[in-house]
Amino acid sequence: RTVYVNGEYLPETEAKVSIFDRGFLFADAVYEVTSVLDGKLIDFEGHAVRLERSLNELEMKSPCTKDELLEIHRKLVELNGIEEGLVYLQVSRGSDGDRDFVFPGEDTEPSLVLFTQNKPGLANSPAAQKGAKVISIEDIRWGRRDIKTVQLLYPSMGKMMAKKAGCDDAWMIQDGYVTEGTSNNAYYVKDGKIITRPLSNDILHGITRKAVLRLAEEAQMQIEERLFTIDEAKEADEAFTTSASAFVMPVVEIDGATLGDGTPGPIAKRLREIYLEESRNSAI
Ligand code: PMP
């Protein structure tokens, strides 16, 4: 695999980042994951805009322009022959060669790393045909989940808790209300209406969420953005999640309660189809 590190395209075994990098020592880094279908990038613009926002919120310098980022994404996709898969991008605050809680000075450059993941069959995943089983867990993450930082230890532990319970993922709960999945936004459907939590600092402003809500509206579906409990979701007709890497993923079980007939619901399936079609058509 050829990866990108600070201006260079290198074999992954030769790519190096300092052990003093603040991404490594302090999780002082932000990231984006852009999916690739038919060798093209899905919603690159949305990811580039959110990256800029994450950097601004953390007063981190931008490592390069949007056009340069696009060029790097495209070059990595081409060099690695990716037809279906992902491009992972990470910007860290870099390092001035020591460990200090205080941010380094203006002359310290951010560190930019990108790599691809080849995922043939991503759009046709058997997991999406089966639907996901989720458990609920307490949301104990920090209060700025709208910033896409690499502090993913708790979501990673949540995923492990789900696996141990024989499930696929976990939905997190704060003050009695569902925030989001470990790596996706959460929705349920009742009597034809799609319910999802409104945007705030409590959840990541999903790029896929934005696209799917727009498409749902265009398809005359009813949407309500409000707080919801896990008990409401357990009583739902269907449920699903959205993310750049799994698109629209139907959810068929929550905390052991089967939704509908236990197979992916019609609205989730329809949204997945429309989203994939529109994404392929607008990919760059
Ligand atoms: N919430 C969280 C916590 C996530 O990690 C992700 C995916 N990175 C999402 C939501 C979905 O965001 P997107 O649609 O931009 O991938």
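Annotations for the structure displayed:
- Condition check for Phe44: in contact with a helix residue (DSSP H, G or I) (Cβ under 8 Å, 6 or more places away or on another chain), hydrophobic (A, V, I, L, M, F, W, C) and closer than 30 Å to Leu271 by Cα: yes
- The residue list Asp146, Asp139, Asp96, Asp100 contains one member that is at pLDDT below 95 and acidic (Asp, Glu), which is Asp96.
- Among residues of the stretch 35-53 that are within 24 Å of Gly121 (Cα to Cα) and assigned by TED's automatic domain parsing to the domain that holds Ser245, none has a Cβ under 7 angstrom from a residue that is within 11 Å of the ligand (Cβ to nearest atom) and β-branched (Val, Ile, Thr) at a sequence gap of 6+ or on a separate chain.
- Apart from one condition, Ser95 fits all of (1) touching a Phe, Trp or Tyr at 6+ places or on another chain (Cβ under 9 Å); (2) farther than 30 Å from Ala15 by Cβ; the exception is (2).
- Taking the stretch 31-48 as the range and being outside any loop (DSSP other than H, G, I, E, B) and either within 11 Å of the ligand (Cβ to nearest atom) or basic (Lys, Arg) (or both) as the test, the residues that pass are Tyr31, Glu32, Val33, Thr34, Ser35, Lys40, Gly46, His47.
- Condition met for Ser125 (crowded, with 16+ Cβ neighbours inside 10 Å and small (Gly, Ala, Ser)): no
- Residue within the stretch 149-160 that is assigned to a strand (DSSP E or B) and either within 11 Å of the ligand (Cβ to nearest atom) or more than 15 Å from Ala239 (Cβ to Cβ) (or both) present: yes
- Residues satisfying the stated conditions in the stretch 115-136, i.e. touching a helix residue (DSSP H, G or I) at 6+ places or on another chain (Cβ under 9 Å), assigned to a strand (DSSP E or B) and farther than 26 Å from Ala165 by Cβ: Phe115, Thr116
- Note on the stretch 173-200: among residues that are assigned to a loop (DSSP other than H, G, I, E, B) and small (Gly, Ala, Ser), the one that is nearest to the ligand (Cβ to nearest atom) is Ser183.
- The condition of being within 29 Å of Tyr31 (Cα to Cα), within 14 Å of the ligand (Cβ to nearest atom) and out of contact with any Cys (no Cβ under 8 Å at 6 or more places or on another chain) holds for only one of Ala244, Ala283, Ala268, that being Ala244.
This table checks each residue for (1) within 23 Å of Asn281 (Cα to Cα); (2) without any contact (Cβ under 8 Å) to a residue 24 or more places away in the chain; (3) part of a strand (DSSP E or B); (4) within 16 Å of the ligand (Cβ to nearest atom).
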{"site": "Val3", "(1), (2), (3), (4)": "no, no, yes, no"}
{"site": "Leu10", "(1), (2), (3), (4)": "no, yes, yes, no"}
{"site": "Ser62", "(1), (2), (3), (4)": "no, no, no, no"}
{"site": "Asp67", "(1), (2), (3), (4)": "yes, yes, no, no"}
{"site": "Glu71", "(1), (2), (3), (4)": "yes, yes, no, no"}
{"site": "Gly94", "(1), (2), (3), (4)": "no, no, no, no"}
{"site": "Phe103", "(1), (2), (3), (4)": "no, no, no, no"}
{"site": "Val113", "(1), (2), (3), (4)": "no, no, yes, no"}
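- Which listed residue, of Leu51, Leu25, is crowded, with 20+ Cβ neighbours inside 10 Å, within 24 Å of Gly143 (Cβ to Cβ) and aliphatic (A, V, I, L, M): Leu51
Residue-by-condition table, conditions (1) charged (D, E, K, R); (2) within 30 Å of Leu51 (Cβ to Cβ):
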residue: Asn185; (1), (2): no, yes
residue: Glu224; (1), (2): yes, yes
residue: Ser243; (1), (2): no, yes
residue: Gly262; (1), (2): no, no
residue: Ile267; (1), (2): no, no
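The values are calculated or read from the model by the stated rules, or taken from the named source; none is laboratory data. Being a predicted model, the structure only gives us computed values, none of them experimental. Neighbour counts run over all protein chains shown; Cβ positions are idealised from the backbone, glycine included.
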